[in-house]
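Student: Could you have a look at this structure, given as structure tokens, before my questions?
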Amino acid sequence: MIPVSTLPAPMEQWLAHLLTQRRYSPHTIDGYRHDLRHLVDCHPAEPLDHYTESHVRLALARLHAQHGKPRSLARALAAWRGFFRWWAPASGMASNPAATVHAPKIPHNLPQALSVEQVQVLLDQPGQPRPTGAVAWRDQAMFEILYSSGLRLAELVSLDWRYVRAGGYESRSWIDLDAGEVTVQGKGRKTRSVPLGSVAADAVRHWLALRGQLPVAADADSGAALFVGVRGHRIAPRVVQKQLDLLAVRAGLPVHIHPHGLRHSFASHMLQSAQDLRAVQEMLGHANIATTQIYTRLDFQHLAKVYDKAHPRAQRRKDK
């Protein structure tokens, strides 16, 4: 039986390939590792090249029985399918055993977006003193960028303070204050450039002027990082979430805000104002415009609420 803490060598090789060659994020690799481990644990005595569609279906059924949600089941199946697509031809397997297995349909829940007024309260902090000190301006700059440019959390923390190519290190994502532009490598290693608003750019300048107050680790990644933690290393996504929670509490907002919520707010507010779906798709880095169209549903909800309140015959009388 394979110990729960290890994976067969081919699976480890595939994960290493994704990390080093495909440059998947460590978070994605951790998720795939967990999913592969579940598959192996379901069939501990079965050689990988003996797997069939039945083995995959059984593993998926057990994951569902453990109260796995549709999104989790879909991710697990994607990991299994991806591994066998990569390994099956080299191993002599006749086919990919996960190729014809389908996960439950994922419900298209609307993203949680803030109103324009809520974003203003969050970022402007009316009644509160202006940020002081390196950490406060770092946080202000991070959240201004998230809302200004619609970045994913992983894209935000990957930003360098400028393009760097030296000593074996090369930037994947960076900021150009003079051009008012952010360049990021998003999902699927696709690079895109998005505008950076003047308010966000000013916040970044304030932060960079104070960045020297925090230690900077000696490695090239930390030295190039736009945002660092109090120990000098590139800031971790969990720290960004924690600092946003603190900011929301100080602002007195009655909602839980995830960094991705600022990306959703960016998309929703851009569509409400510009009505240009293709432009928003490009800025968000969506490969499929159907993903961006979710925000048109969000915008319609806003319009429907306005209609219900304003139109004299929009709502049924309750006293019939």
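Student: Using the Kirkwood formula on the Cα atoms of region 9-91, what hydrodynamic radius do you get, in angstrom to one decimal?
Tutor: Evaluated over region 9-91, this radius sits at 13.1 Å.
Student: Taking Cα centroids, how far is region 233-247 from region 70-149 in Å?
Tutor: Between the Cα centres of region 233-247 and region 70-149 lies a distance of 15 Å.
Student: Can I ask one more? Only Lys, Arg, Asp and Glu count, each charged at its Cβ (+1, +1, -1, -1), so figure out the dipole size of region 102-212 about its Cα centre, rounded to 20 debye. List each step's numbers first, then the result.
Tutor: On the way: 13 positive and 11 negative charges, 107 e Å.
The calculated dipole for region 102-212 is roughly 520 debye.
Student: To continue, here is another question. What is the extension gain from Asp176 to His50, computed as 0.36 nm multiplied by their sequence separation minus the C-alpha to C-alpha distance, in nm to one decimal?
Tutor: Additional length available on full extension: 40.2 nm.
Student: Between Tyr163 and Asp30, what is the FRET efficiency for a Förster distance of 30 Å, r being their Cβ-Cβ separation, to the nearest 0.05?
Tutor: Efficiency computed from Cβ-Cβ geometry: 0.55.
Student: Taking a ≥ b ≥ c as the square roots of the Cα gyration tensor eigenvalues, with a/c under 1.5 meaning rounded and otherwise prolate when a/b beats b/c, else oblate, which class fits region 157-196?
Tutor: It is oblate, given that a/c is not under 1.5 and a/b is not larger than b/c.
Student: Quick check: net charge around His233, other residues with Cβ under 14 Å of its Cβ, Lys/Arg +1 and Asp/Glu -1?
Tutor: Local net charge: +2.
Student: Report the label-to-label distance for Val199 and Thr132 in nanometres (one decimal), using points 7 Å from each Cα along the Cα→Cβ vector.
Tutor: Taking the simple label geometry, Val199 and Thr132 are separated by 2.3 nm.
Student: Can you tell me the FRET efficiency between Ala90 and Cys42 if r is taken as the Cβ-Cβ distance and R0 is 22 Å, rounded to the nearest 0.05?
Tutor: Here the calculated transfer efficiency is 0.45.
Read the figures in this text as sums done on the coordinates, not as results from a lab. A quick note: this is a predicted structure, and the numbers were derived from the prediction, not measured. Backbone-built Cβ (ideal geometry, glycine too); neighbour counts: all protein chains shown.
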